[in-house]
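Note sheet for the following structure.
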Amino acid sequence: MLVECQQLSKSFGRHRAVSDLSFTLSDGVVTGFLGPNGSGKSTTMRMMLGLDHGEGRTLYDGQPLTEHPKPARVVGAHLDAKFFHPKRTARNHLRMLAAASGADDRRIDEVLDLVGLADVARKQPRGFSLGMGQRLGLAGAILSDPSVLLLDEPANGLDPQSISWLRDFIAYYAGEGRVVLVSSHLLSEMQLLAKHLVVIGRGQLIADESLEDFVARSTRNDVFVRTPNSDALIAALADRGVASIREGAGISVPGADTEMVGAVAFACGAELHELTRRTASLEEAFLEVTSQTQEYSMGGHHDAPAEGGNR
Amino acid sequence: MRAAFLYEWRRATTLRSTWWIAGSAVAASLFFTWVSHKIATAEVFQSDGATPATFAKTSFVEVVNSMQGPYQIVTTIIAAFAAMSWGHEYRYGLTRVTFSAFPRRAEIFVAKTGVILLVTTLMWLAVTAASMLLLKGVDSRGRINFDFFEKLNTGAVGMGDAGSSAVVAYSSYAYEALLRSLGYLLLLVLLVAAISALTRSLPLALVLSSIWPLFVEKLLLMLSQVVSKGRLGWLNDIAPFDNAERFVFWQAGYDRSANVTAGIGGTGLPSSGVVGDNPLPPGVEHLITPWRAGIVFALWAVMLTAAAYLSTERRDA
């Protein structure tokens, strides 16, 4: 299954929520969907499902969702942990959804068991915690065993064990040859989960590349050097046109590799006590690329570049 | 389409509120049937012309009246089901779940409308059957014999000046009267479901569908008459619930503008005056045709349903 989002655009009044957004999702890969609050992630997902109308289109294997005979078997979506009637039992909620795809009772029980809700299957979800609501939403999304899974913040409210389970499940699901798109603010989780990233800001595409490439582009990737001859090393690097910054007891050389810095140190006779390549985290790379595109920021620093995380 | 119907059927029947509504409608109907029966029994036995046939006819009136009840409580209860069909979806964000599973929204709109009409028909059958069974149960002397092809007096209109004894009575077959009560109910739930889909608000749909027929429309019509000094009389001819009242059984044939010299008893039957098959005076036939009133009400239901469909199709979920 190939999912193609083509020039999606959506405005709410004068506010442009999504602007000319195009990307492609491939099967067998978990794609992380990242963006600051209000960047248009949820709107994009709703447009992909045909819930929100706008410009552009989303094709599933070359066809709009409406042209597939059983759309429920093409896409399963979990957009919110509270999208259920509080007085309809969990099992009946899934029985209702099962009608869309023809899933039988055995599949319903299987899915309830899979997400860990078998014990509360006949209870009304009004007393469910946020985490249980997430599990019920996920159960509904995978009930029809769809080829495409869209998950909007599925880890919100989950305990560490559940997050670990969710991570394994999503990886397994994608590994079965399905398309999985996951939006999340838990960047450390995304770093463990996603292989590919679609990053948007103010409704526009910022990055559509592998997680590895996205992180590698960060200016926060550097080589950290500790030497008693720091002045000599800084001067030698500057002679080669390489910028370096003093950082505590050492020197940071952004964008460099250890081989080059080691060679320069050797050439200038600097004694090395530490030579470490430091790779930016996803969070640092994300904050760096989205610092100018935050729709809503704290403390009124709308246009201020975001600070990186602690090293 | 079959999947959409099954989805909607399960959606409706897996909620306790649907069963509570059905149970409440039957209970309320039984209560009003019993009260109506007590009143009718007293009236019929005090009347000079009381016969077993009158008693039987009265019972039919009771059955249909139980559906309307005071302030249309039974129909309002059933209409709440229709309001909830869309209202619950929007209230709990389920429209996004539903439209994700059925991106061709027309399918789910048709299925929802179909299930609303089906469940309403089943509720009507339950309410009607319960009322008839109750009357048969309390009729220890066995005088009630329901004949669906019996002709019933359904209302009376006096012609001429106040105090005139010229009265025209209108009649209807029992089955026709019953079907009209079903027709009214089906149109009402369509209209309420449409309001719910348009407003996307369950409370607003419930309030609007309750107070519009009871107060708002009557007040608007009254004010329009006062302000326009009668020039806006045609508003009565297009007002939805004013026409609906003339379509349903106990009001059928009853003309709001005529001088009624024959009193209408608690059973809906003319309690005095001349009852006969006199032809209507020229120029007033259109005012007192229940089917014409029914068509006006149906047009409202269809127009609002069409608007609800367009809204469902075009607005973001």
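Given the C-alpha centroids of the range A:137-156 and the range A:28-45, what is the distance between them in whole angstrom?
The two parts, judged by their Cα centres, are 14 Å apart.
In the range A:1-99, if every C-alpha pair distance is counted and binned at 5 Å from zero, what percent goes to each bin?
3, 11, 19, 22, 18, 15, 10, 4, 0
How big a patch of accessible area, both sides summed and in Å² to the nearest 100, lies buried between A and B at a 1.4 Å probe?
On the way: alone 15270 and 15230 Å², together 28000 Å².
In total, this chain pair buries about 2500 Å².
Once phi is turned into θ = phi - 60°, what whole-Hz ³J(HN,Hα) does the Karplus curve with 6.51, -1.76 and 1.60 give for every residue of the range A:11-25, x standing for Gly and Pro?
Each residue of the range A:11-25 in turn: 10, 10, x, 8, 8, 8, 7, 9, 10, 6, 8, 10, 6, 10, 10 Hz.
Which Cα, out of A:Thr258, A:Leu51, A:Thr290, lies furthest along the positive dipole direction of chain A (beta carbon charges, K/R +1, D/E -1)?
A:Leu51
Provide B:Trp124, A:Trp165, B:Trp20, B:Trp234 ordered by accessible surface of protein heavy atoms (probe 1.4 Å), highest first.
From most exposed to least exposed: B:Trp20, B:Trp234, A:Trp165, B:Trp124.
Would you please give the residues with an amide H less than 5 Å from that of A:Arg278, counting only those at least 5 places away or on a separate chain, with H modeled from the backbone geometry?
Answer set, sorted by chain and number: A:Asp222, A:Val223, A:Phe224.
Per DSSP helix of 4 or more residues, -39500 (n - 2.57); summed, then divided by the residues of chain A. What does that give at 222 nm, rounded to the nearest 500? Each step should come with its number before you reach the end.
Details: 11 runs with 106 residues, N = 311.
About -10000 deg cm²/dmol.
For a quick check: with amide H placed at 1.01 Å from N, whose amide H comes under 5 Å from A:Ser210's, ignoring anything fewer than 5 positions away on the same chain?
Those qualifying (amide H under 5 Å, at least 5 residues apart or on another chain) are A:Leu197.
Using θ = phi - 60° and the Karplus curve 6.51 cos²θ - 1.76 cosθ + 1.60, what whole-Hz ³J(HN,Hα) does each residue of the range B:114-122 get, with Gly and Pro shown as x?
Karplus values, whole Hz, x for Gly and Pro: x, 5, 4, 5, 5, 5, 4, 4, 5.
Can you list the residues in the range A:25-55 whose accessible area drops by at least 30 Å² when all protein chains are present, compared with the chain alone? Use a 1.4 Å probe, heavy atoms only.
A:Arg46, A:Leu49, A:Leu51, A:His53
Under a straight-distance cross-link criterion of Cα-Cα below 17 Å, which aspartates and glutamates are reachable from B:Lys151, leaving out those fewer than 8 residues away in the same chain?
Cα-Cα hits under 17 Å: B:Glu62, B:Glu176, B:Asp277.
If you put +1 on each Lys and Arg Cβ and -1 on each Asp and Glu Cβ, how big is the dipole of chain A around its Cα centre, in Debye rounded to 20? If you can, show how the numbers build up before the last one.
On the way: 31 positive and 39 negative charges, 278 e Å.
Here chain A has a charge dipole of around 1340 debye.
Rank B:His37, A:His273 by accessible area, highest first, at a 1.4 Å probe radius?
Details: B:His37 20, A:His273 100 Å².
From most exposed to least exposed: A:His273, B:His37.
At a 1.4 Å probe radius, carbon and sulfur cover how many percent of the accessible area of the range A:1-68? Can you show the working numbers first?
Values: 1080 of 2680 Å².
So the carbon and sulfur contribution to the accessible surface is 40 percent.
What net charge is computed for the residues neighbouring B:Ala317, neighbours being all others with C-beta under 15 Å from the C-beta of B:Ala317, Lys and Arg scored +1, Asp and Glu -1? Intermediate results must be reported in sequence, preceding the final value.
Working: positive: A:Lys10, A:Arg46, B:Arg91, B:Arg96, B:Arg104, B:Arg105, B:Lys112, B:Arg200, B:Arg314, B:Arg315; negative: A:Asp52, A:Asp80, A:Asp152, B:Glu89, B:Glu107, B:Glu313, B:Asp316.
Neighbourhood net charge equals +3.
Can you check what the net charge comes to around B:Phe81, using other residues whose Cβ is under 14 Å from the Cβ of B:Phe81 (Lys, Arg +1; Asp, Glu -1)? Mind showing how you got there, number by number?
Values: positive: B:Arg11, B:Arg16, B:Lys112; negative: B:Glu8, B:Glu89.
Here the charged neighbours net out to +1.
Under a cut-off of 19 Å between alpha-carbon atoms, report the lysines in cross-link reach of B:Lys229, not counting same-chain residues fewer than 8 places apart.
Cα-Cα hits under 19 Å: B:Lys218.
Tell me, what ³J(HN,Hα) does each residue in the range B:185-197 have, in order and in whole Hz, if you take phi through Karplus 6.51 cos²θ - 1.76 cosθ + 1.60 with θ = phi - 60° and put x for Gly and Pro?
3J(HN,Hα) across the range B:185-197, in whole Hz: 5, 5, 5, 4, 5, 4, 5, 5, 4, 5, 4, 5, 5.
Could you work out the local net charge near B:Arg200, counting Lys and Arg as +1, Asp and Glu as -1, over the other residues with Cβ closer than 12 Å to its Cβ?
Details: positive: B:Arg91, B:Arg315; negative: B:Glu89, B:Asp316.
Local charge sum for B:Arg200: 0.
What area, in nm² and to one decimal, does the C-alpha convex hull of chain A cast on average over all directions?
On the way: hull surface 77.7 nm².
Averaged projected area of chain A's Cα convex hull equals 19.4 nm².
Round to a whole number: what % of the accessible area of the range A:222-278 belongs to carbon and sulfur, probe 1.4 Å? Don't skip to the end; give the middle numbers.
Working: 1630 of 3060 Å².
So the carbon and sulfur contribution to the accessible surface is 53 percent.
Tell me, what is the per residue accessible area of the range A:222-278 in Å², probe radius 1.4 Å?
Numbers: 3060 Å² over 57 residues.
Using a 1.4 Å probe on heavy atoms only, each residue of the range A:222-278 averages 54 Å².
Please compute the Kirkwood hydrodynamic radius over the range A:222-278, one decimal place, Å, based on all pairs of different Cα atoms.
Working: mean 1/r = 0.0941 Å⁻¹.
For the range A:222-278, the Kirkwood estimate is 10.6 Å.
To the nearest 20 debye, what charge dipole does the range A:222-278 have about its Cα centre, counting +1 at the Cβ of each Lys and Arg and -1 at the Cβ of each Asp and Glu?
On the way: 5 positive and 8 negative charges, 17 e Å.
The calculation lands at about 80 debye.
The values are calculated or read from the model by the stated rules, or taken from the named source; none is laboratory data. Predicted model, so just to flag it, every value in this text is computed and none were measured. Note that each Cβ is placed from the backbone with ideal geometry, even for glycine, and that neighbours are counted across all protein chains shown. Accessible surface areas use protein heavy atoms only, side chains included; no ligands, DNA or RNA. Shrake-Rupley method; radii C 1.70, N 1.55, O 1.52, S 1.80 Å.
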